[in-house]
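> What follows is a single structure, and I will ask about it in a moment.
The values are calculated or read from the model by the stated rules, or taken from the named source; none is laboratory data. All of these numbers come straight from a predicted model, not from anything done at the bench. Because the Cβ atoms are built from the backbone with ideal geometry, glycine has one as well, and the counts that use them run over all protein chains shown. Ligands, DNA and RNA are stripped out before the accessible areas are found, and what is left, the full protein with its side chains, is counted by its heavy atoms. Shrake-Rupley method; radii C 1.70, N 1.55, O 1.52, S 1.80 Å.
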Amino acid sequence: MVQALVQQITARIAAGEYPPGSRLPAERQFAAALSVARNTLREALSILQRQNLIHRRGGAGNYVAEDVAFATVPQVETLAGPVHLHVMRGILEPEIARLAVLNMSPTIMAQLFGIVEKMNGLDDDPLGFARQEENFYLKLAEGTGNPLLQGCYQIVVRARQQPYHDAMLQRHVTPLRIDRQLRGYETLLAALAARDIPEATVQVQELLLAEQRMFMQED
């Protein structure tokens, strides 16, 4: 889990979410955003410090190293349009669900329950709901135990966070649609908890189809 978290934070730094010299969120806030325990986050931050990607300023928090550098090539997620995104999600998410059913720990399962709980009360916040959806699938990908699959899905999440996608969410997502999606995640969660691979993969596909139908209203 710690190594997966290291990879996730590194990917965010590489994507420019935390630029060189910027301060990382406070540990409590950061751990909550990543849906991990604070001691797990601290272990990951210690590894990143040893790798010289971040450093601690006494009493002021953790900062991305000023001289951190990644390849300056166009990020692939910036080239992806809505169709590309839905195709990749259709390939990855059912397989992520299948492998997570086979491999995820009770701890990951409990964290998924926590994320779905956070979705409640976000019926008037399309972007907030979408961020929790991303956290759900990132955690599910972690449950597969496959770091390459996790890395692939991190790219998908960054594509989901492109401005065009957020604009589509704000345009089309209504409280009623969020409520329906939430019911779908609750059904998916029940299938995952029951280790029911066919039902879990079917429910993932249903969630994708519901979102696709919604976005097809774009004119």
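> For the stretch 170-209, enumerate the residues that are of a type in the set (A, V, I, L, M) and open to solvent by less than 30 Å² (accessible area, probe 1.4 Å).
173, 178, 182, 188, 189, 191, 192, 200, 204, 207, 208
> With a cut-off of at least 3 residues that are within 20 Å of residue 170 (Cα to Cα) and modelled with pLDDT of 90 or more, name the helices (runs of 4 or more DSSP H) lying wholly within the stretch 69-143. Even if it seems obvious, please write down each step before you answer.
Numbers: elements: 82-103, 106-119, 126-143.
Per the criteria, 126-143.
> Then there is this: May I ask you to verify whether residue 196 is more than 24 Å from residue 32 (Cα to Cα), at pLDDT 95 or above and of a type in the set (Asp, Glu)?
Working: more than 24 Å from residue 32 (Cα to Cα): yes; at pLDDT 95 or above: yes; of a type in the set (Asp, Glu): yes.
For residue 196, the condition - more than 24 Å from residue 32 (Cα to Cα), at pLDDT 95 or above and of a type in the set (Asp, Glu) - is met.
> Further question on the same structure: Would you check if residue 159 is open to solvent by less than 10 Å² (accessible area, probe 1.4 Å), in contact with an Asp or Glu (Cβ under 7 Å, 6 or more places away or on another chain) and small (Gly, Ala, Ser)?
yes
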